[in-house]
Structure formats: C-alpha cells, structure tokens
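The values are calculated or read from the model by the stated rules, or taken from the named source; none is laboratory data. All values reported here derive from a predicted model rather than from experimental measurement. Backbone-built Cβ (ideal geometry, glycine too); neighbour counts: all protein chains shown.
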Amino acid sequence: MIMKNAIVIPCYNESSRLKFDDFQTFINQNDEYTICFVNDGSSDDTIDYLSRFQSQNPNRVAVVDLKVNQGKAEAVRSGVNYILENTNTEFIGFIDADLSTDFNDYERLMDKIENSNREDYLVFGSRKLSEDSNIERKGFRDLASKIVGLCISLVVSLNIKDTQCGAKIFTRSLASKVFKQSFISRWLFDIEIFLRMKNLFGANTKRSFQECALMNWEDVDGSKLSLKDSVKIPFMLSRIASTYFSIRMSNNIDAMLNTLTSSTDYRTYP
C-alpha cells in the first residue's frame, strides 16, 4: 500500500455513527489518501461494519482490530504505527469517527503541513482561534471544556488555544517519534504529544507546530468520555505533568553530563 497521506480513525462502539457515505465520497475524490480504522475492542458490531467497508475498498482502507478496549490513546497509536510499518506515507493524521471535524477542514490542515517543508512538524485544528467559524458545542460540555482547558494550558505552557481538538496531522518523521512509546493516559494523550515534543525540541518546540482555526465543528452526541473519566482528569493531569517534568529533568542532566564528559581533559598529571 503506497499512499501519500493516511488518516487514522479510532472507533469504539461506533456502528450507529460511522458515516460510510462520507468516507466513500472522500476516498473516491482523493486517490492519494488511505484511511486506517482502528476498532478499539467494541462491544457492538463496529468491526463487522468496518470489515465490510474495507472489503469494498481493499486498496484504500485498512482495519486494525484491537480485541480489548484500550482507550483512544492506544487506538490512535496502534493505527499510526500500523501506517508507519506498512506504508510509505509522508503525512499521518487522525480525526474522530463521527467526523465532528469534516474533511474540508482536514484538507485545509493538510495544505498547511504540505507547505511547511519541515521534517518534524505538526499541524492541528483549533475550535477556539476564530470567531467566524461555525463551532457548535453544548452548554455543559462548553463550560467543562473551558475549565479543563485552563488546567491543560498550565501543564503544557506553549500558548496553545486548543490542545484537545481531535484533528491533527504529523509528518512521518515526527509521528515515528511521538507515537513510539505507549501513553500514560487513555484520553489525554494530546497533552502528552505536546510534552513529548517539548522534551524532543526544547526551546524550538514552538517552531515545530502550527495551530489552525477550524471552519466547522459539531459536538456530536455519543461521547465515550464517561463522568467517571471526567472526575479523574485533574489527577491524570497531575500525573502527566510530574512524569514528563521528571523525564525532561533527566534529559537535561544527561545532556549536561555528556557535555562535561566530552570537554574534560583526561591527560595524566604528575
């Protein structure tokens, strides 16, 4: 399978929400894309629908079947690594199965990353950058999003408006680095992506990504994030922050020791 671009779609109990007509229209009109669906241990008949769609498009659609539910983070990581191992795609992105971010916006993000001419680069959508966009979000989730967003901004500290938007595209080189290891969180892996980039690029991190306003985004009913998961968010954020801070400090100490070692004069003195 040789395609220029790949889109990973994590799926958990999505049989009633998957818009196969929209997916079919997209791949019919864009022959440089492959789509990789990841069934995250669904308890409904999602895998049957995905398998049927894949059989109708054997050269354009891949399906990764995780037998046990592992969360969105591992579903996306599994899809990205499948693409890395089985294709030569230049760009790898992911969007939500309900197409809350539509393909028109995704292609706008793709234009940005294709024109960046950067080896390690990320372009991602934002629901908070433009007042002219058509962003629909229900009241309670909008309030919760703002509260969580404030906490996240303190952890990430990169002046990003919307880390959690489920529409991101990576160059192949960057994807191979940030998706290599498993994530700590099942849901807050977007934060971990940015913290991994900070550990990779240090002061140059802000030059390695671009946040772009979405023109359309719809808050589709059927979120898989439960109330129990929501209550855990502050604790998980604390764990993520402390873990990546420790990694960064360890990397800094290793770099300092390497510098000292390489500059030491080991001549023997009388």
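The residues of the stretch 54-104 that are touching a Cys at 6+ places or on another chain (Cβ under 7 Å) and aromatic (F, W, Y) amount to a single one, Y82.
Considering (1) modelled with pLDDT of 90 or more; (2) over 24 Å from N104 (Cα atoms); (3) more than 13 Å from the chain's Cα centre (by Cα), the lone condition that K161 does not fulfil carries the number (2). Restricted to the stretch 177-218, and to residues there that are at pLDDT 95 or above and among the acidic types (D, E), the residue that is nearest to R248 (Cα to Cα) is E192. Applying the condition of being in a loop (DSSP other than H, G, I, E, B) and of a type in the set (G, A, S) to the stretch 149-203 and asking which residue is surrounded by the fewest Cβ atoms within 10 Å (Cβ to Cβ) yields S182. For the stretch 229-270, the tally of residues that are among the basic types (K, R) and modelled with pLDDT under 65 stands at 1.
The number of residues in the stretch 1-13 that are within 21 Å of N104 (Cβ to Cβ) and more than 19 Å from the chain's Cα centre (by Cα) comes to 1. Name every residue in the stretch 164-176 that is out of contact with any strand residue (DSSP E or B) (no Cβ under 6 Å at 6 or more places or on another chain) and modelled with pLDDT under 95, in order of residue number. Residues satisfying the conditions are Q164, G166. Of all the criteria given as (1) at positive phi; (2) touching a Phe, Trp or Tyr at 6+ places or on another chain (Cβ under 6 Å), the one not satisfied by L99 is (2). Only helices (runs of 4 or more DSSP H) whose full extent lies in the stretch 1-107 are considered here, and the ones with at least 1 residues that are farther than 24 Å from R172 by Cα and at pLDDT 95 or above are 20-29, 46-56. Taking the listed residues S51, S78, S42, S15, the one that is touching a residue at least 12 places away in the same chain (Cβ under 8 Å) and under 27 Å from Q210 (Cα atoms) is S78, with no other qualifying.
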